[in-house]
Every structure is written in structure tokens, then in C-alpha cells.
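Worksheet: the structure to be examined is printed underneath.
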Amino acid sequence: MNWYLDVLKKYAVFSGRARRKEYWMFVLFNFIVAAVLLAVDFAVGTNGILYGVYLLGTLLPSLGAAVRRLHDTGRSGWWILIGAVPLVGGIILLVFLASDGAPESNAYGANPKFAPAV
């Protein structure tokens, strides 16, 4: 749960690097919360209002986490736009996000695996 809250605390931070664990744990918790809200919306009959508000509220943290994850692999955050390419773009982005980060410092900062826990 701390991984999810840490990403939300960095609401619109697009600089630095994010570990795979940080990114994928955020994606997992984000998916779970969205699924629960969608189920509540369906049960109550609010036509997805809670779900939509939640997705809108987590849009910037999701983009920030993805950009920081791309930075960890040594790529610019602009690579997130490759997901807009039909068919192969999403697959390429998924491979980039799942790749191991650069073990050494890069242009975006030091390796977050070796950073002291705050």
C-alpha cells in the first residue's frame, strides 16, 4: 500500500526514476481500487461517476509514474506516446515499462534500487 501512496504523494512529479516494483505495485492497487469503484457504481446505479472521478484524479500520478519508470530504463518520458500507435505501440510500451532499469546513474538520476529508504 505504501507504493501506491508514494506515487500519489508525487502527484505531478515527472523527474527522477521509479523502480519496477514502485510502478507495478501502483498499477496493481490502482486497478483494484478502480475495479471496486466500478462495481460500486454498477451496484448503486450511478453510471460510472465514482469510477470516472477516480480515473480523472489519478491521471497525473499514473502518467508521472510511467514517465519516471521510462526514465529508469534510460528513455525519455516522451516514449509514453508510443502507446498511441495502433497494435504494436502498446506492446512496445509494455516491454519498456517491464524492462529492468539501468544499473548505473543516468541522465535522470541515481539508481533508485540503491537509494536509501526515506
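Scanning region 4-29 for residues that are in contact (Cβ under 8 Å) with a residue 24 or more places away in the chain and either of a type in the set (K, R) or touching a helix residue (DSSP H, G or I) at 6+ places or on another chain (Cβ under 7 Å) (or both) yields a total of 17.
Of everything listed in (1) in a loop (DSSP other than H, G, I, E, B); (2) modelled with pLDDT of 95 or more, the single unmet condition for Y54 is (1). The condition of being surrounded by 14 or more Cβ atoms within 10 Å (Cβ to Cβ) and touching a strand residue (DSSP E or B) at 6+ places or on another chain (Cβ under 6 Å) holds for only one of G74, G52, that being G74. Output yes when any residue across region 83-91 is touching a residue at least 24 places away in the same chain (Cβ under 8 Å) and assigned to a loop (DSSP other than H, G, I, E, B), and no when none is. No. In the condition set (1) in contact with a Phe, Trp or Tyr (Cβ under 9 Å, 6 or more places away or on another chain); (2) part of a helix (DSSP H, G or I); (3) among the charged types (D, E, K, R); (4) under 13 Å from R17 (Cα atoms), D41 is compliant with all but (4).
Hey, any hits in region 98-107 for a residue that's in contact with a Leu (Cβ under 6 Å, 6 or more places away or on another chain) and either assigned to a helix (DSSP H, G or I) or surrounded by 12 or more Cβ atoms within 10 Å (Cβ to Cβ) (or both)? No; the residues of region 98-107 include none that is in contact with a Leu (Cβ under 6 Å, 6 or more places away or on another chain) and either assigned to a helix (DSSP H, G or I) or surrounded by 12 or more Cβ atoms within 10 Å (Cβ to Cβ) (or both).
The values are calculated or read from the model by the stated rules, or taken from the named source; none is laboratory data. Since the structure is predicted, the reported quantities are computational estimates derived from the model, not experimental observations. FYI the Cβ positions are ideal-geometry reconstructions off the backbone, even for glycines, and counts take in every protein chain you see.
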